[in-house]
Amino acid sequence: MKITKILLVSLSLLGLLTTSKVKAFKNDDSAKTKTYKISLDIESLTPIVLPKPTFDSLIGSSKKKTEKISFQLEEAVKRDTLTVTEWLDAHDLPYVEFDIPREGVKVDNFPKEIPLTYKDYRLTKGLAYKGCNIFFYGKNFAQSRFLLITDEENKKVLHFFDFQNYVNAPEVKSGDEDFVYEQLVWAMVDYRGVLYVSNAHSTYASSTFGKNGYITAIDLKSNKVLWRSQPLVSNCGFTIIGDHIVCGYGFTKEKDYLYYLNINTGAVKGKIPLSSAPGYIEYNFNTLYVDTYKDYYYFKVGY
């Protein structure tokens, strides 16, 4: 599927060119070596290790006045057999995820300039935006740890971060240690050069005593955290609408909500109950589209 790119920021660039060997992974995460022609050498780079964050919340100090926003439910439709990409296509919506190459799986839209590995870590996600692209690397698809930002043509590295200090909650319920890796889930960069990142694990919130599902805002000029949301607001995709981040959290036997946060402080401004856990969230022409496990939601957005 062809990717439609959405508007984000252009950043100052650092370029590195090489040809390298990378690993072609099978679906079971085993690998064999195969030579690809790539234009980015990230093996020689040392990512910035971000300091350990708070696992409560850090509300930003911005005094900037934010515009009001409202969401009016227009329709909730039972989910059918459409895939996410087919559903997005049906509504002429952008699909920003690259298909990740795996052995035996044909992909059409993955940029060949991007390495499939970094050290002993494999590529786990790619997100295509106007002005930059974002890639995750991790041990497997449930342990994304490194975040790489390139220019839109994937010719230059803009930023490279290691989120190792974000993945382990302060407390873990005994017996659940293997299921609570709070990996990178989604990321975006806004026009000001602020990176927004969602971290979450894929088991019950009680496994980490509620310390799960955050969005963190990081200034890409200073690499400093501007704010971190309260827990349990984001374990899926999210989008930016004006002065707000619209995100969602849900899990089996837990309450499922759509949240909207002040983009300048991270404070929760409101929440909307959903029938089941949200997955893909997209905004286009004053309509918010939300794909959940059970239903498709359509909201009219007002200012």
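Note on D162 and T83: their simple-model spin labels are 3.6 nm apart, each label 7 Å out from Cα toward Cβ. Go through K224/K269; K224/K271; K65/K294 and tell me which ones have a Cα-Cα distance over 25 Å in this structure. Table pairs above 25 Å Cα-Cα are K224/K271; K65/K294. From least to most packed, judged by other beta carbons within 10 angstrom and beginning with the fewest, C132, C247, C236 follow the order C236, C132, C247.
Only one residue of Y259, N168, C247 has its Cα farthest out toward the positive end of the dipole of the chain, where Lys and Arg carry +1 and Asp and Glu -1 on Cβ, and that residue is N168. Between D120 and K52, residue separation times 0.36 nm minus the direct Cα-Cα distance comes to 22.2 nm. With 0.36 nm allotted per residue and the present C-alpha distance subtracted, the E74-F179 stretch has 34.1 nm of extension available.
Multiplying the sequence separation of D99 and K224 by 0.36 nm and subtracting their Cα-Cα distance, what value in nm do you get? Intermediate values should be presented prior to the final figure.
Values: separation 125, 0.36 × 125 = 45.00 nm, distance 3.09 nm.
Gain in length upon complete extension: 41.9 nm.
Positive contributions from Lys and Arg (+1) and negative ones from Asp and Glu (-1), summed over other residues with Cβ under 11 Å from the Cβ of K300, come out at -2.
Distance from the alpha carbon centroid of the stretch 140-185 to that of the stretch 263-277 works out to 23 angstrom.
Relative to the Cα centre, the charge distribution of the chain, modelled as +1 at Lys and Arg Cβ and -1 at Asp and Glu Cβ, gives a dipole magnitude of about 600 debye.
With helices as the sole contributors, the chain gives -500 deg cm²/dmol at 222 nm; each DSSP H run of n ≥ 4 counts as -39500 (n - 2.57), and the sum is divided by every residue.
Between K271 and D295, the modelled label-to-label distance comes to 1.7 nm, taking each label 7 Å out from Cα in the direction of the beta carbon. Footprinting exposure proxy ranking of D151, D92, fewest other C-beta atoms within 10 angstrom first, gives D92, D151. Kindly identify the stretch 139-256 as rounded, prolate or oblate by the Cα gyration tensor criterion: order the square roots of the eigenvalues as a ≥ b ≥ c, call it rounded if a/c is under 1.5, otherwise compare a/b with b/c, prolate if a/b is larger, else oblate. Because a/c hits 1.5 or more and a/b exceeds b/c, the stretch 139-256 counts as prolate. In the stretch 14-302, the C-alpha radius of gyration followed by the widest Cα-Cα span (Dmax) gives 18.7, 54 angstrom.
Quick note: the coordinates plus some simple rules give every number you see, no bench work behind them. As the structure is a prediction and not an experimental result, all values here were calculated from the model. All Cβ positions, glycine included, derive from the backbone under ideal geometry; neighbour counts span all protein chains shown.
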